[in-house]
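The values are calculated or read from the model by the stated rules, or taken from the named source; none is laboratory data. Please read these numbers as outputs of a predicted model, since none were measured by experiment. Because the Cβ atoms are built from the backbone with ideal geometry, glycine has one as well, and the counts that use them run over all protein chains shown. Surface areas here come from the heavy atoms of the whole protein model, side chains and all, with no ligands, DNA or RNA. Shrake-Rupley method; radii C 1.70, N 1.55, O 1.52, S 1.80 Å.
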Amino acid sequence: MDCVFCKIVSKKIKANVVHETENVVIIKDVNPQAPAHLLAIPKKHYSTILDCKDGALLAELFTAATHAAKSAGIDKSGFRMVVNTNDEGGQTVFHLHMHILGGRPLGGRMG
Ligand code: AMP
Ligand code: ZN
């Protein structure tokens, strides 16, 4: 399957990996929208959050993302976790991932 995040998970293309668990990898976003911009990516391919029924994996995704936020030093100042879904949700890579954003005030607007 021609999926950029599957290629990152299988190390066919390089990424800046900051943390890894059994089922999740966390990388730096190549086009950061904030001083800290990480992506928590399940190793298994799910196109969107709608396709993943694995609650244990979703718990691991949140836990790994929280760990990464602490490691990036944005836990006390604050951060945001975002899962863009389908076209109007702004999803551009159709392999489930969670953005972790922080390092500046993110503003009150959600969209
Ligand atoms: P979304 O728009 O929610 O699907 O987010 C996709 C994100 O993946 C964007 O923020 C991109 O900058 C990021 N991205 C795309 N390709 C790569 C890559 N090879 N390495 C790191 N981040 C990437
Ligand atoms: Zn994939």
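Looking only at segment 92-111, residues that are open to solvent by 40 Å² or more (accessible area, probe 1.4 Å) and either among the aromatic types (Phe, Trp, Tyr) or more than 16 Å from ligand 2 (Cβ to nearest atom) (or both) come to 10 in all. On inspection, Gly89 qualifies as away from ligand 2 (no atom under 16 Å from the Cβ) and either closer than 23 Å to Ser47 by Cβ or surrounded by fewer than 17 Cβ atoms within 10 Å (Cβ to Cβ) (or both).
Per-residue answers, yes or no, for (1) in a loop (DSSP other than H, G, I, E, B); (2) out of contact with any strand residue (DSSP E or B) (no Cβ under 7 Å at 6 or more places or on another chain):
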{"residue": "Lys44", "(1), (2)": "yes, yes"}
{"residue": "Ser47", "(1), (2)": "yes, yes"}
{"residue": "Leu50", "(1), (2)": "no, yes"}
{"residue": "Thr63", "(1), (2)": "no, yes"}
{"residue": "Lys70", "(1), (2)": "no, yes"}
{"residue": "Asp75", "(1), (2)": "yes, yes"}
{"residue": "Arg80", "(1), (2)": "no, no"}
{"residue": "Leu96", "(1), (2)": "yes, no"}
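Could you list, in sequence order, all residues of segment 27-39 that are loosely packed, with under 15 Cβ neighbours inside 10 Å and in contact (Cβ under 8 Å) with a residue 12 or more places away in the chain? Within segment 27-39, Val30, Gln33, Pro35 qualify.
Among residues belonging to segment 40-54 that are under 13 Å from the mean Cα position of the chain (by Cα) and over 15 Å from Cys3 (Cα atoms), point out the one that is surrounded by the most Cβ atoms within 10 Å (Cβ to Cβ). Taking the candidates together, the pick is Ala40. When Thr92 is tested against (1) under 18 Å from Val4 (Cβ atoms); (2) not in a loop (DSSP other than H, G, I, E, B), exactly one condition is not met: (2). In segment 1-26, of all residues being exposed (fewer than 13 other Cβ atoms within 10 Å of the Cβ) and within 10 Å of ligand 1 (Cβ to nearest atom), the one that is nearest to His97 (Cα to Cα) corresponds to Asn16. Kindly establish whether Leu57 is within 15 Å of ligand 2 (Cβ to nearest atom), among the hydrophobic types (A, V, I, L, M, F, W, C) and open to solvent by less than 60 Å² (accessible area, probe 1.4 Å). The answer is yes for Leu57.
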